[in-house]
Amino acid sequence: DSRGNVLIQPTIPGPIDRVHFLDEQQRYRKASRRFSVLALVAVLITGIPACVVVTPVVFTVLLTVWHIVNAISPGSAAALTRLRESMLSMPGMATAMSSDHTPAAQIARGVLAVSLLVLPGAVAIFAMWLANRRLLRHVAIGHVLVQAGSREANERDLEERQLRNVVEEMAIAAGLQPPRLRIIDSDVVNGGAVGVGVDDVTVLVTRGLLDQLDRDETQAVIGHVVGSIGNGDLEIVSIIFSIYQTWGALALLVN
């Protein structure tokens, strides 16, 4: 100070290499965005060949359905004529463009070829993906909870009631709707979350975590789990998982 006395800065208990919550949150969100972009590129690279494979299957199914419908209720001659003209217009257009070697005609031929090969399969795969997403939202999460042997928290148990308070406290602090809580009777120290988005989440905590950690340590684990929920990690995981399910259904269909 001005009198020449040495002032000692009081030490703050805790680790020296502290990090700020908002800085870490921003860093994790950037990592999630990079991962999402890479996942999208991977889906496009694998999806385009898959669309080319599925397109003949789509045409086969449509033709089969058309023949069945036409056998049950024959269409009018005018409708058959319009259908035949529309089917023949594509090859005629391609033949007309094949004699034109201008850049615009070459681009048009490329767009037409890609459309015929990719779009029908892409529409079919997208519909399968939407169906898998709906199935995952209504069935898969419940199946995971049952397979894990989870149960509702016992409100008469002090530690489990305290755990529910911690989960709600951390969720409210993060600006999220308090998630559901399930307990797994296991001696392993672990905790996590399952769900398809921030509004449909279940936090899973093992009984071993409650028995071996104090409240502050439990709050740190729950804070990490809730931070992952607020970061949108569950949404990314559910999308990727539904894509893998779609590839599996696609392989079964092609076989």
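So the values come out like this:
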| quantity | calculated |
| --- | --- |
| Cut-off under 5 Å, modelled amide H: who pairs with ALA193 long-range | LEU204 |
| Over the stretch 109-208, relative contact order from alpha-carbon pairs under 8 Å, at least 6 apart, % | 21 |
| Charge context of LEU158, other residues only, Cβ under 14 angstrom, K/R +1, D/E -1 | -1 |
| Whole-number Å³ per residue for the convex hull built on Cα positions in the stretch 19-68 | 77 |
| SER32 versus HIS67: modelled label distance in nm, points set 7 Å from Cα along the beta carbon direction | 5.1 |
| Accessible surface of VAL254 - all protein chains present, 1.4 Å probe, nearest 10 Å² | 70 |
| Linear extension gain, ILE172 paired with SER115, 0.36 nm per residue minus alpha-carbon span | 15.7 nm |
| For the stretch 200-255 versus the stretch 56-71, the gap between their alpha-carbon centres in whole angstrom | 42 |
| The stretch 114-255: Rg to Rh, with Rh as the Kirkwood radius over Cα pairs | 1.11 |
| Largest-first ordering by accessible area, 1.4 Å probe, given options ILE45, ILE229 | ILE45, ILE229 |
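The values are calculated or read from the model by the stated rules, or taken from the named source; none is laboratory data. All of these numbers come straight from a predicted model, not from anything done at the bench. Glycine gets a Cβ as well: all are built from the backbone with ideal geometry, and neighbour counts include every protein chain shown. Just the protein is used for accessible areas: all its heavy atoms, side chains included, with ligands, DNA and RNA removed. Shrake-Rupley method; radii C 1.70, N 1.55, O 1.52, S 1.80 Å.
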